[in-house]
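Down below is the structure, laid out as structure tokens.
The values are calculated or read from the model by the stated rules, or taken from the named source; none is laboratory data. The structure presented is a predicted model; accordingly, all values stated were derived computationally and were not measured. Glycine also receives a Cβ, built like all others from the backbone with ideal geometry; neighbour counts cover every protein chain displayed. Ligands, DNA and RNA are excluded from the accessible area calculation, which covers all protein heavy atoms including side chains. Shrake-Rupley method; radii C 1.70, N 1.55, O 1.52, S 1.80 Å.
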Amino acid sequence: MNHLPERKILSLPAVYPCEAISPDTLLSSLISLCHEILAKRVSGLYPIHRGAILEAIREVGLLSNFFEEVYECGFGDFPESAVVCLSELHFALQKLGFLLHDCSRKGARFWILMRSDLVLSEFRVQIRSIATALDVLPLEFINISPEAKELVRLLSMQAWTVEIELSKCDDLAIRTVRSVLNQFKRGINPDPVDLKRVLDHLQIQSWSDCDDELSFLEQELFSHIEEGHNNEVPFLGSLTGFMLYCRVVIFNSVDFKRVERKEPTTRATSIDWLSPDGLQCPISLELMTDPVTVSSGQTYDRASIKKWIKSGCLTCPVTGKMLTSTELVPNLAVRRLVEQYCHRNDILIAEPSTKHRRTVDKTDVPFCVASAGAIRLAVSFLVCKLSKGGTQERRKAIYEMRKLSKSNNFHRACLVEADAVPWLLYVLSSSGPFIQDNAVAVLLNLSKHPSGRKAIFESGGIGLIIDIIKYGLKVEAKQNAAAVLFYLSSVEDYRVEIGKISEAVPTLVELLRNGMYRGKKNAAVSLFGLLESPENHPKVISAGAIPVLVSLLKCERSDIVYDSVAILEKIAERPEGTIQIIKSAAIARVVDVLGSSTSRSGKEHCVSLLLFLCKNGGHTVVSQLGRMPSLMVELYRLVTEGTADAGKKARSILDLIHNHNEADYPVVVLPIQIHDRVIHAL
């Protein structure tokens with residue numbers, strides 16, 4: 001996984017040396033700085049802007065020799081003005097080092113090329129800064145040879161007069177890119193020779209190299225969107241479209257071994273010490289999938305602390321200190337720990353809408369006309385390969401579709417419009433495990449889009465999806481197929497049709513019973529979706545879902561437990577569901593979950609389920625609950641500390657229990673005569 005860089009590209013955060021720095025310390029630092037820069041002078045690191053880079057490195061080499069001679073000759077009465085000039089050189093060299101690093105950064109070469117105006121401007125500024133500092137350097141007070149002094153004067157003169165301009169090769173590559181983008185706008189496939197020329201110039205030699213460039217561009221694109229710099233979005237969108245088209249069309253194979261190395265990994269020892277409690281938000285008590293730090297130094301989940309602040313609370317919930325700022329700073333360290341923990345424990349983690357992270361809701365429309373044209377052409381190419389290509393071509397096409405559809409709604413819409421769905425359904429049963437697994441993953445991504453759900457349904461895909469849950473060649477394919485049913489069940493007509501297929505509900509119940517974690521999770525949410533239609537309630541009950549759900553209330557994974565409670569709550573809404581839940585001896589387990597739960601939503605589902613059981617189960621259930629002292633404690637706690645909805649439901653249960661007790665044990669009222677007046681005493 002590509003982590004976010006600590007420094008934004010072309011930001012050059014140099015720091016002036018402190019005023020009290022000694023000459024020997026300053027010179028030692030300058031020499032080290034020059035050596036670091038010179039270590040990067042391998043020509044292969046710089047496929048573009050070579051003229052400016054070589055000039056900068058040449059000047060750094062000469063400065064390094066000068067600094068070393070000054071250091072060797074001693075300082076004597078080193079004037080303060082010389083220290084100031086050397087500090088200016090230190091500042092300029094820091095910036096130059098950052099600039100050279102950015103120009104050699106693999107994955108950012110295309111951006112550097114297309115931002116040549118900014119890059120070359122920075123080179124001019126830093127080289128002129130070196131010239132300015134050398135001009136005012138009091139050489140007459142520095143103990144070095146006359147030849148060295150003359151070299152400094154010559155270097156200053158050259159730094160003022162050198163021309164930092166765009167090379168002919170870079171200019172040709174830029175003009176080629178602009179020509180291709182114009183073709184994309186008109187819906188014309190560009191000449192692959194032109195694309196290959198640009199890629200060769202940038203030394204982008206493989207699918208993975210191209211993917212690195214695309215990842216960087218997408219990161220920059222969504223960073224600008226989050227920061228509100230919308231004027232840059234069309235430009236970055238066009239570059240993204242160009243590189244995506246190149247990845248799809250130019251490179252015929254994917255280096256899957258290298259791709260796997262880029263996926264998130266977790267060393268066994270890295271989080272052995274970690275308790276999940278430390279990754280929970282102090283407010284919601286849920287895993288912090290989007291951790292942010294407030295001014296007090298405490299970390300919370302973004303949604304929870306934003307809700308806290310929006311409600312008018314301007315203190316830190318943990319420390320009670322007044323927040324000096326409402327700024328929320330993403331905590332990447334905690335985010336990575338959460339990712340490691342979830343990866344280690346096979347827990348699905350939702351993508352947060354944080355800065356630098358892709359937000360699907362911002363991809364409903366293309367970022368520019370050129371980008372839209374490039375995507376449509378690339379998608380058309382992929383569908384053609386999937387429908388007519390050989391095995392290897394299909395493998396690459398379907399993997400590209402998976403990446404394209406992962407988190408971009410416009411890409412999903414383009415795939416649906418290009419009739420990808422019928423071909424994806426076709427290869428489900430006619431191909432090996434790799435193609436089947438990726439085809440299901442693409443269908444899952446498309447099912448998140450309304451047009452994708454419609455295409456799957458109208459193409460007769462429901463039966464095929466159910467077959468994959470039962471007979472899929474890989475566990476991942478079965479799990480993803482269940483998730484497809486969940487998204488389809490969000491449409492009323494579709495969930496009714498799913499319920500009409502005799503194997504649908506029993507297949508989900510079987511996955512819920514025997515599946516791995518993700519299989520259980522996806523089966524649970526799919527069943528919950530199907531229960532939104534009353535017609536499916538008897539089918540879920542007859543398929544034996546209730547005993548399976550009750551058994552899962554003892555599962556070690558709390559989210560599976562809470563999902564099971566939520567489904568039982570849905571089943572208990574109807575009297576026939578309540579009867580079956582009571583027969584399964586679920587009440588005691590639900591009460592145990594209520595007492596042990598640290599999740600507010602989990603507690604709310606439990607108390608809601610108990611209330612339905614009371615209302616539909618009558619005195620038998622109320623009487624059983626009244627004999628559970630631990631339940632009474634939890635109900636009173638919810639009344640005083642729970643959410644408004646949970647407190648209201650807890651109060652309703654308490655009222656039912658109290659009314660039941662009063663009916664069973666009525667209070668005897670005895671009349672007492674006092675001074676010819678009758679009163680009643682309890």
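Take the convex hull of the alpha carbons in the chain; its mean projected area over all directions comes to 42.5 nm².
Ordering Ala133, His101, Leu151 by the projection of their Cα atoms onto the charge dipole of segment 56-197, which places +1 on the Cβ of Lys and Arg and -1 on the Cβ of Asp and Glu, puts His101 at the extreme positive end.
Available extension along the chain between Glu232 and Asp135 is 31.1 nm, counting 0.36 nm per residue and deducting the alpha carbon span. Accessible area per residue (1.4 Å probe, heavy atoms of protein chains only) ranks Arg518, Arg175, Arg412 as Arg175, Arg518, Arg412, with the largest value leading. Could you compute how much accessible surface Met322 exposes when probed at 1.4 Å, giving the result in Å² to the nearest 10? My reading of the accessible area for Met322 is about 130 Å². Positive-end ranking of Val70, Leu314, Gly187 along the dipole of the chain, with charges on Cβ about the Cα centre, is headed by Gly187. Using the Karplus relation 6.51 cos²θ - 1.76 cosθ + 1.60 with θ = phi - 60°, the per-residue 3J(HN,Hα) values for segment 194-199 come to 5, 5, 5, 4, 5, 5 Hz, with x marking Gly and Pro.
Projected label points at Val496 and Thr161, each 7 Å from Cα along the beta carbon direction, are separated by 8.6 nanometres. Dipole check for the chain: with +1 at the C-beta of Lys and Arg, -1 at the C-beta of Asp and Glu, and the Cα centre as origin, the magnitude is about 2340 Debye. For the listed peptides 413-426, 136-149, a ranking on the average number of other beta carbons within 10 Å per residue, highest first, reads 413-426, 136-149. At a probe radius of 1.4 angstrom, the accessible area of segment 92-180 per residue rounds to 45 square angstrom. Which residues among segment 145-162 fall inside the zone where the amide N is under 11 Å from a point 7 Å beyond the Cα of Cys73, along Cα→Cβ? Zone members listed by number: 145-152.
Computed about the Cα centre, the dipole magnitude for segment 510-631 is approximately 220 debye when only Lys and Arg (+1) and Asp and Glu (-1) carry charge, each at its Cβ. For the chain, with all protein chains in place and a probe radius of 1.4 Å, 54% of the accessible heavy-atom surface sits on carbon or sulfur. Remark on Leu323: its backbone amide H falls under 5 Å from those of Thr315, Cys316, a criterion applied only to residues 5 or more positions apart or on other chains, H modelled at 1.01 Å from N. Coupling constants for segment 98-110 follow from the phi torsions by the Karplus curve (6.51 cos²θ - 1.76 cosθ + 1.60, θ = phi - 60°), and in residue order they are 4, 5, 5, 4, 5, 5, 9, 6, 6, x, 10, 5, 5 Hz; glycine and proline get x. Overall, segment 463-521 carries a charge dipole of about 340 debye about its Cα centre when +1 sits on the Cβ of Lys and Arg and -1 on the Cβ of Asp and Glu, all other atoms neutral. Extension gain for the segment Lys307 to Glu532, taken as residue separation times 0.36 nm less the Cα-Cα distance, is 78.1 nm to one decimal.
With 32 Å as the limit on Cα-Cα distance, the pairs of Lys406/Lys520; Lys454/Lys554; Lys306/Lys539; Lys539/Lys615 that go past it are Lys454/Lys554; Lys306/Lys539. With all protein chains kept in place, the per residue accessible area of segment 494-535 amounts to 38 square angstrom at a probe of 1.4 angstrom.
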